[in-house]
Amino acid sequence: MTLATATAVGYLAWDPKWPAILAAWIPSNLLLTCVSEETVFRGILQRHLGRALSGRVPASAFVALVVCAAAFGVVHIAGGMTYVLLATLAGIGYGAAYYATGRVEAGILVHFLLNLSHLILFTYPFAAQ
């Protein structure tokens, strides 16, 4: 849904390719980006916020998911407001994967697959530099 939304608002364009940087990008993105971000936002923040709100706030797991997705979006502010909104949408997906399974690895996998799809199938400004 994130890539479709990004394309619909003109942030990305369809651009299938097999980039030369792929062999270096895969371990870097998986380990440095996806594992670290999902460990912080889902494995720590979403889990602890959900527990802290449990019994005090109705739908505490949902509130924790949305708050952490919004925080995830905000840390991507360097890309501009459209990127913040798209990262928040992606964070909802990553948080939902974590919530559904109770495993941070699910969020990591969804995050990595979205990033890989973005690199291979859509415009990817960072790869062009």
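Numbers below:
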item	result
Tally, over the range 14-34, of residues that are of a type outside the set (Ser, Thr, Tyr) and open to solvent by less than 50 Å² (accessible area, probe 1.4 Å)	5
Of all residues making up the range 100-111, the number that are buried (at least 19 other Cβ atoms within 10 Å of the Cβ) and either under 18 Å from residue 14 (Cβ atoms) or not small (Gly, Ala, Ser) (or both)	4
Test for residue 104: is it touching a Lys or Arg at 6+ places or on another chain (Cβ under 9 Å), among the aliphatic types (A, V, I, L, M) and at pLDDT 95 or above	yes
Single match in 106, 87 (criterion: out of contact with any His (no Cβ under 7 Å at 6 or more places or on another chain), assigned to a helix (DSSP H, G or I) and of a type in the set (Gly, Ala, Ser))	106
Meets criteria (open to solvent by less than 40 Å² (accessible area, probe 1.4 Å), closer than 22 Å to residue 11 by Cβ, hydroxyl-bearing (Ser, Thr, Tyr) and in contact with a His (Cβ under 8 Å, 6 or more places away or on another chain)) for residue 94	yes
Which numbered condition residue 111 fails, given (1) over 22 Å from residue 16 (Cβ atoms); (2) in contact with a Cys (Cβ under 8 Å, 6 or more places away or on another chain)	(1)
Breaking point among (1) surrounded by fewer than 17 Cβ atoms within 10 Å (Cβ to Cβ); (2) touching a Ser or Thr at 6+ places or on another chain (Cβ under 8 Å); (3) not hydroxyl-bearing (Ser, Thr, Tyr), for residue 3	(1)
Matching residues, the range 42-82, being of a type outside the set (Gly, Ala, Ser), closer than 22 Å to residue 4 by Cβ and buried (at least 17 other Cβ atoms within 10 Å of the Cβ)	65, 72, 76
Residue list for the range 1-31, restricted to those being among the hydroxyl-bearing types (Ser, Thr, Tyr) and in contact with a Leu (Cβ under 8 Å, 6 or more places away or on another chain)	2, 5, 11
Any helices (runs of 4 or more DSSP H) falling wholly within the range 1-71 and containing at least 1 residues that are under 19 Å from residue 116 (Cβ atoms) and without any contact (Cβ under 8 Å) to a residue 40 or more places away in the chain	2-8, 22-27
Qualifying residue in the range 90-106 (condition: out of contact with any helix residue (DSSP H, G or I) (no Cβ under 6 Å at 6 or more places or on another chain), over 20 Å from residue 124 (Cβ atoms) and polar (S, T, N, Q))	yes
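The values are calculated or read from the model by the stated rules, or taken from the named source; none is laboratory data. Bear in mind that the values here come from a model prediction, so they are computed numbers and not experimental data. With ideal geometry, Cβ positions are generated from the backbone for all residues, glycine too; neighbour counts draw on all protein chains shown. Remember, those area values only see protein heavy atoms, side chains included, never the ligands or the DNA or RNA. Shrake-Rupley method; radii C 1.70, N 1.55, O 1.52, S 1.80 Å.
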